[in-house]
1. Given a 1.4 angstrom probe, I'd like the percentage of the accessible area of the chain that is carbon and sulfur, rounded to a whole number.
2. For the stretch 98-110, just list the computed ³J(HN,Hα) in residue order, Karplus coefficients 6.51, -1.76 and 1.60, θ = phi - 60°, integers in Hz, with x standing in for Gly and Pro.
3. What is the angle, in °, between the Cα long axis of helix 32-58 and the longest principal axis of the Cα atoms in the chain? Nearest 10 is fine, range 0 to 90.
4. Dividing the convex hull volume of the Cα atoms of the chain by its residue count, what figure in Å³ per residue is obtained?
5. So, for the chain, what is the accessible surface per residue at a probe of 1.4 Å, expressed in square angstrom?
6. Would you calculate the separation in nanometres between label points at Ile41 and Met102, each defined as 7 Å from the Cα along the Cα-to-beta-carbon direction?
7. Test of understanding: in a Gaussian network model of the chain with alpha carbons linked when under 10 Å, which of Ile17, Ile151, Ile41 would top the mean-square fluctuation ranking?
8. Could I have the simple spin-label model distance between Trp110 and Leu198, label points 7 Å from Cα toward Cβ, reported in nm to one decimal?
Amino acid sequence: MKKLLSEYLGTTLLVAIVVGSGIMATDLTKDVGLQLLINTIATVFGLAVLILILAPISGAHFNPVVTLVDLIQGKSSVLQFIQYTIAQVLGAISGALLANAMFELDILQWSTKVRTGPAQWLAEAVATAGLLSVILLALPGRAAGLVACYIGGAYWFTASTSFANPAAVFGRMMSNTFAGIQPADAPGFVLAQCAAGLLVAACYTLLKKDGSAV
């Protein structure tokens, strides 16, 4: 239960940070570039803190694809994968609703922001593959900073602004704000993220078999 609570609370706060900072950014400026910068900075610092404080409890996945790769590598069970995924998705939804409430928006709402097309799906695959590679190859104790830095960079070099997280997609559907995504576009993002996760897991397994993985 401690692990599940950790995953729920961590994902809740992560999505609240992403959505809330996006709302704050649009309140502060109409410059889209500056809005993205504000959103990025808040996410980088918030994510690093959440990983540092919650990793000792649950591993600080906050992401079903991260848990899926753990399952493929035999580091977790099918039951744990299901439990973590449910906790993460519920946490992401809670985080979006919390952000809506903090900024006096309708708590229950759906995003109408269009994010779709092959370029966006490719961007999500790249963002997710990079994130998982960092997690798998980071030296012990350095994952928090490296993951946060990678996500910060991926905000800017990917066309999708790097969701890289199926749970976050579900949460961000429920806020019609800067960080949102309309529900009709969510399946494309989730499929791209899961495909990237399977590819990275397969590549890492091959590297391990060759004895050349870190």
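The values are calculated or read from the model by the stated rules, or taken from the named source; none is laboratory data. On a predicted model such as this, the values are computed, not experimentally measured, just so you know. Ideal geometry is used to build each Cβ from the backbone, glycine not excepted, and the neighbour counts take in all protein chains shown. For accessibility, only protein heavy atoms count, side chains too; no ligands or nucleic acids. Shrake-Rupley method; radii C 1.70, N 1.55, O 1.52, S 1.80 Å.
1. Carbon and sulfur: 72 percent of the exposed surface of the chain.
2. After applying 6.51 cos²θ - 1.76 cosθ + 1.60, I find 4, 4, 4, 5, 4, 9, 6, 9, 4, 5, 9, 7, 10 Hz.
3. 40 degrees
4. 111 Å³
5. Accessible surface, normalised per residue, equals 47 Å².
6. 1.6 nm
7. Largest GNM mean-square fluctuation: Ile41.
8. Inter-label distance under the simple model: 2.8 nm.
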